[in-house]
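Down below is the structure, laid out as structure tokens.
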Amino acid sequence: MSEKYIIQPSSNLSGNIVVPGDKSISHRSLILLSISEGIGHINGLLESEDCLATLDIFKLLDINIAKSSNSSYVVNGKGLYGLSKPNQDLNCGNSGTSMRLLTGLLSAQKFSCNLFGDNSLSERPMERISLPLSLMSADISLSENNTAPIKILPVKEITPIEYKMPIDSAQIKSSIILASLYAKSETKIFENIPTRDHTENMINYLGGNIDKKSNQITIHPNNKLIAKDINVPGDISSAMFVIVGCIISKNSQVIIKNVGLNDLRTGGIEILKLMGANIELKNIKYYGLEKVGDIIVHSSKLKGITIPEKYIASAIDEFPALFIASANAFGETILNNASELKFKESNRLSVMSEGLTLCGINNNLNDDGIVIQGGKISGSTIDSKGDHRVAMAFSIAGLVSSENITILNTKNVSTSFPDFHNLMKALGLNIRREIS
Ligand code: S3P
């Protein structure tokens, strides 16, 4: 079965909305409540395919997780040593977060297990986690290409490490942190540029002991996690499609309520502000240790910029949307030092570059970035290559295109934003979903 979107040039976006729950926080709430002691409720869990893959895996590890009401779940945590050997291989689907974080956690258990994923996930690099985990004495084997499937064997003990991160990646950091919960003394991680710290925040919220000092993270031993209720804020990476759509279309204003605004996730907002976007953050509050607030966006005139390197890690998922913003800006937008974009659900540098070219936007692809010349988006047919964020990015391009934009291969939008087309339609996007 294949799915596509057809977007007719639309006029504007307006409304007052909430976006689905944060994907990173949803994964972590399932993982960390499963290894906490006692019962915890998750309110606002993202019910997307990626997070449901994590949920199903914990059921196979013998954790009782039940839906209590609309997007609320109850997790019966069994503590750090309560997981059981699964009776089948664990399917991570399209979800890199599930695979990388769970490899860290499962490499410290007293049973063997295997993890696998879909075609896209099976091509993504996994040596980035198996190397540091092996330094911690974990017994992990990958395929010949250093990808999934991943085989994990139990080891006598997990040894602590001091690890300087070669790549700015919260998934690698979190994988190490989850394994280090089982080490007898402290593990230290040094980051080049800080990445999202939801794992550290949630472990501390649940009574664990992690110190964060600028780029240095210290995980102290004897962490015992005690279950607490977790409220999941809206996902800023999903909100970004609404934000950019609103900015580039005329006479638009959107309010997005209760979005996660962790400082290590707001690089996309900072980049858009540098480009001249009119964005306000209001009603700031906290869900546990996570900053949350409302985002108010208006149509804005954008100018091209050189994207500062310091914002890349905190905007890593927002580049497909930011490239559409750049295509609508006056002048040139330059991105360098972003080779990590090649290792997402697709090679987001080349797939976005091809799509922009098909839409009549001049751009030059480099080894670690892209230069985009602002212009007029024409109609086209774009293959998203099964990448959810590429599909959503070209959908909002349809707000300002001169002709229809058709986006092929959109099924995976449900990995992060299950009701995207209905929510965008309600805001004013002229979007039709066709399943054949
Ligand atoms: C994530 C970290 C990022 C991001 C992904 C979610 C996480 O990946 O792209 O969507 O939840 O830790 P990397 O750590 O590979 O940059």
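A few comments on the model shown:
- Among (1) aliphatic (A, V, I, L, M); (2) open to solvent by 10 Å² or more (accessible area, probe 1.4 Å); (3) within 16 Å of the ligand (Cβ to nearest atom) - the single one residue 129 does not satisfy: (2)
- Near pairs, Cβ below 9 angstrom, 6+ apart or cross-chain, from segment 48-72 (touching a residue at least 60 places away in the same chain (Cβ under 8 Å)) to any residue that is of a type in the set (Lys, Arg): 48/23; 50/23
- Candidates in segment 311-357 are the residues that are acidic (Asp, Glu) and under 15 Å from residue 237 (Cα atoms); of these, the one that is nearest to the ligand (Cβ to nearest atom) is 317.
- When residue 20 is tested against (1) under 28 Å from residue 297 (Cβ atoms); (2) more than 16 Å from the ligand (Cβ to nearest atom), only condition (2) is not met.
- Pairs with Cβ under 7 Å, 6+ apart, first in segment 275-286 and touching a residue at least 24 places away in the same chain (Cβ under 8 Å) and assigned by TED's automatic domain parsing to the domain that holds residue 242, second assigned to a strand (DSSP E or B) and open to solvent by 70 Å² or more (accessible area, probe 1.4 Å): 275/303; 276/303
- Residues that are touching a helix residue (DSSP H, G or I) at 6+ places or on another chain (Cβ under 8 Å) and β-branched (Val, Ile, Thr), drawn from segment 282-320: 295, 297, 305, 307, 312, 316
- When segment 319-346 is filtered for residues that are open to solvent by 10 Å² or more (accessible area, probe 1.4 Å) and either without any contact (Cβ under 8 Å) to a residue 24 or more places away in the chain or among the hydrophobic types (A, V, I, L, M, F, W, C) (or both), the ones remaining, listed by number, are 330, 334, 342, 343.
- Matching strands (runs of 3 or more DSSP E) fully within segment 1-69 where at least 2 residues are touching a helix residue (DSSP H, G or I) at 6+ places or on another chain (Cβ under 8 Å) and open to solvent by less than 60 Å² (accessible area, probe 1.4 Å): 3-8, 14-17, 37-43
- The sole residue among 137, 84 that is more than 22 Å from residue 63 (Cβ to Cβ) and of a type outside the set (Lys, Arg) is 137.
- Close pairs from segment 255-270: first without any contact (Cβ under 8 Å) to a residue 24 or more places away in the chain, partner open to solvent by less than 10 Å² (accessible area, probe 1.4 Å), Cβ under 9 Å, at least 6 apart: none
- Any hit, segment 289-308, residues being free of Cβ contacts under 8 Å to residues at least 40 places away in the same chain, among the hydrophobic types (A, V, I, L, M, F, W, C), surrounded by fewer than 20 Cβ atoms within 10 Å (Cβ to Cβ) and not assigned by TED's automatic domain parsing to the domain that holds residue 43: yes
- Residues of segment 180-192 that are within 15 Å of the ligand (Cβ to nearest atom) and crowded, with 16+ Cβ neighbours inside 10 Å: 189, 191.
The values are calculated or read from the model by the stated rules, or taken from the named source; none is laboratory data. For clarity, every value in this text was computed on a predicted model and none was experimentally measured. Here the Cβ is made from the backbone with ideal geometry for all residues, glycine too, and neighbour counts use every protein chain on show. To get the accessible areas, we keep the full protein, side chains included, count just its heavy atoms, and leave off ligands, DNA and RNA. Shrake-Rupley method; radii C 1.70, N 1.55, O 1.52, S 1.80 Å.
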